[in-house]
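**Student:** Please find one structure pasted underneath; my questions will follow.
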Amino acid sequence: MLMPSNPRFRIYTRPKDYYAILRDFVTGRFHTGNDCRLLEEDVCRRQGIEFAHCVAKARVGIYLAVSELARPGRKVVLSPYTLSDVINMVICAGAIPVFADIQRETCNIDPEQVERLIDDQTDAVLVTHLHGLACDMPQIKKICAQKGVKLIEDAAQAFGTHLNGRQVGTFGDAGIYSFGMYKNVNSFFGGMIVTPHRDLFHKIRQRSSAFPWQETGYYLSKVLTGAASDIATYPPLFKWFTFWIFRFAFLHDIEFLNRQVRIDLSPHIKYDLPESYLRKLTPLQARLVRSQLDSVDEFARKRIQAAEVYHQGLRDIPDLLLPPLRKNGSHGYTHFPLQVPDRSDFLRYMVTNGRDVAIQHLKNCADEPCFKEFYQDCPNARATAGANILLSTYPRYGLKEVVKNVRVIRSYFSYV
């Protein structure tokens with residue numbers, strides 16, 4: 001009988017996290033305690049940055065940074081290969097997004113395109129360290145300094161990644177981290193903005209101090225979603241039940257079920273920030289994050305080990321485009337992105353052979369109809385968006401499963 005792989009994703013939760021949430025709910029401690037301030041101090045020490053401020057969502061951190069660093073009607077150069085709401089945060093802040101193409105191998109913004117697109121109407125550059133891989137920060141920082149524009153880092157997928165002895169998120173004028181459900185530090189959602197500038201920090205803190213706490217009911221709904229994911233991806237249940245349901249749905253194009261594992265399905269433009277975004281991270285969420293900080297580096301080491309196995313096992317297949325192999329901490333490998341020529345056929349083969357892999361959900365936002373007024377031709381982002389799949393690297397996945405993935409991929413390309 002075919003034995004499925006471990007699930008493609010598992011969220012970074014522990015039983016004690018659910019216990020802590022239940023305890024705080026019962027005792028009414030969701031919104032009590034000075035843990036947000038303590039978390040900010042912890043992150044400042046860990047990341048080597050002067051100032052940090054908790055936010056309810058990482059995208060709100062992007063909005064606040066752009067609002068303060070880019071004037072209304074001015075341009076922000078950024079990658080199109082990202083969530084549509086990242087683009088929306090720039091628009092909601094009153095700035096104009098300008099799409100700079102990416103490098104195929106890294107999936108990150110191309111410094112040459114950044115330099116080409118900066119003009120006298122540009123106020124800022126927003127870079128995204130995708131999949132945990134640090135952008136070419138020395139070059140981009142040099143370009144921004146020469147051009148006199150601000151630098152913002154979207155490090156939502158890269159908490160703990162470091163380059164040349166410096167944590168990503170700390171190279172620019174502001175950096176944003178995410179504590180979302182599928183991030184390597186998880187409070188079910190939430191984030192943080194860091195900056196070396198005292199005046200920027202105080203402006204952001206003063207602006208967000210009037211926000212109400214995140215509602216308990218809304219937060220609990222996110223926790224229940226996480227719990228459902230934890231149950232469905234519990235390996236014994238996944239291998240004997242969940243995988244087969246979604247395998248059948250994928251192979252028979254049952255859209256209702258297939259949609260359950262996709263996000264950002266219907267991008268649309270936002271000109272005004274939704275009122276529901278204007279919330280504060282709760283002390284409960286801060287406590288969850290603080291309890292996980294000591295595990296960040298160890299988990300990164302395990303993901304790098306998985307990436308090394310993938311790279312060694314697949315690097316000789318000419319039809320594949322692999323990410324660069326970096327073992328120095330400058331790539332955190334939140335996933336191992338793999339670009340394949342015929343993604344649909346490849347996925348069908350993998351699922352048929354019991355391997356649970358995922359399509360990268362990101363789109364080339366430069367091609368999305370909702371952003372047509374900002375259109376730029378970004379051929380690398382377009383090609384990457386149509387070719388990328390994500391191989392699992394999370395610490396509980398296991399190197400044996402990584403080896404099995406390599407074996408099935410090699411058989412697909414007849415490299416056995």
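**Student:** Restricting to the range 184-210, name every residue that is at pLDDT 95 or above, assigned to a loop (DSSP other than H, G, I, E, B) and surrounded by fewer than 22 Cβ atoms within 10 Å (Cβ to Cβ).
**Tutor:** If the condition is that a residue be at pLDDT 95 or above, assigned to a loop (DSSP other than H, G, I, E, B) and surrounded by fewer than 22 Cβ atoms within 10 Å (Cβ to Cβ), then 196, 197 are the ones that fit.
**Student:** Would it be correct to say that residue 33 is over 18 Å from residue 190 (Cα atoms), surrounded by fewer than 19 Cβ atoms within 10 Å (Cβ to Cβ) and of a type in the set (Gly, Ala, Ser)?
**Tutor:** When the stated conditions are applied, residue 33 does not pass them.
**Student:** Test residue 306 against the criterion of being over 24 Å from residue 404 (Cβ atoms) and either small (Gly, Ala, Ser) or at pLDDT 95 or above (or both), and give yes or no.
**Tutor:** Spelling it out, it is not the case that residue 306 is over 24 Å from residue 404 (Cβ atoms) and either small (Gly, Ala, Ser) or at pLDDT 95 or above (or both).
**Student:** Continuing with this model, one more query. Find the residue count for the range 316-357, including only residues that are assigned to a loop (DSSP other than H, G, I, E, B), of a type in the set (Val, Ile, Thr) and under 30 Å from residue 245 (Cβ atoms).
**Tutor:** So the count comes out to 3.
**Student:** Follow-up question, since we're still on this one. Can you list the helices (runs of 4 or more DSSP H) found entirely within the range 14-124 that contain at least 1 residues being in contact with a strand residue (DSSP E or B) (Cβ under 8 Å, 6 or more places away or on another chain)?
**Tutor:** 35-47, 58-69, 84-92, 111-117
**Student:** Select, from 55, 90, the only residue that is more than 15 Å from residue 155 (Cβ to Cβ), surrounded by 21 or more Cβ atoms within 10 Å (Cβ to Cβ) and of a type outside the set (Gly, Ala, Ser).
**Tutor:** Step by step, each of 55, 90 is checked, and only 90 is more than 15 Å from residue 155 (Cβ to Cβ), surrounded by 21 or more Cβ atoms within 10 Å (Cβ to Cβ) and of a type outside the set (Gly, Ala, Ser).
**Student:** Okay, moving on. Return the residue satisfying two criteria in turn: it lies in the range 323-349 and is touching an Asp or Glu at 6+ places or on another chain (Cβ under 8 Å) and in contact (Cβ under 8 Å) with a residue 60 or more places away in the chain, and of such residues it is nearest to residue 166 (Cα to Cα).
**Tutor:** So the residue we want is 324.
**Student:** Which condition does residue 397 not pass, out of (1) farther than 26 Å from residue 103 by Cβ; (2) surrounded by fewer than 18 Cβ atoms within 10 Å (Cβ to Cβ); (3) at pLDDT 95 or above, if it passes all the others?
**Tutor:** (2)
**Student:** Here is a follow-up. Restrict the check to the range 355-369 and report whether at least one residue is over 24 Å from residue 186 (Cα atoms), exposed (fewer than 15 other Cβ atoms within 10 Å of the Cβ), in contact (Cβ under 8 Å) with a residue 24 or more places away in the chain and not aliphatic (A, V, I, L, M).
**Tutor:** The answer is no, given that none of the residues of the range 355-369 is over 24 Å from residue 186 (Cα atoms), exposed (fewer than 15 other Cβ atoms within 10 Å of the Cβ), in contact (Cβ under 8 Å) with a residue 24 or more places away in the chain and not aliphatic (A, V, I, L, M).
**Student:** Okay, moving on. Any chance you could count how many residues in the range 364-380 are touching a Pro at 6+ places or on another chain (Cβ under 7 Å) and among the charged types (D, E, K, R)?
**Tutor:** 1
**Student:** Residue under question is residue 207, and the condition is that it be touching a residue at least 24 places away in the same chain (Cβ under 8 Å) and either under 30 Å from residue 151 (Cβ atoms) or among the β-branched types (Val, Ile, Thr) (or both); does it hold?
**Tutor:** So residue 207 fits the description; yes.
**Student:** Restricting to the range 277-293, name every residue that is over 20 Å from the mean Cα position of the chain (by Cα) and either without any contact (Cβ under 8 Å) to a residue 40 or more places away in the chain or part of a loop (DSSP other than H, G, I, E, B) (or both).
**Tutor:** 278, 279, 282, 291, listed by residue number.
**Student:** Tell me, which residue of the range 244-272 that is among the aliphatic types (A, V, I, L, M) and at pLDDT 70 or above is farthest from residue 374 (Cα to Cα)?
**Tutor:** If we take residues in the range 244-272 being among the aliphatic types (A, V, I, L, M) and at pLDDT 70 or above, then 245 is farthest from residue 374 (Cα to Cα).
The values are calculated or read from the model by the stated rules, or taken from the named source; none is laboratory data. These figures come from a predicted structure and were not determined experimentally. Neighbour counts are summed over all protein chains in view; Cβ atoms, including those assigned to glycine, are modelled from backbone coordinates with ideal geometry.
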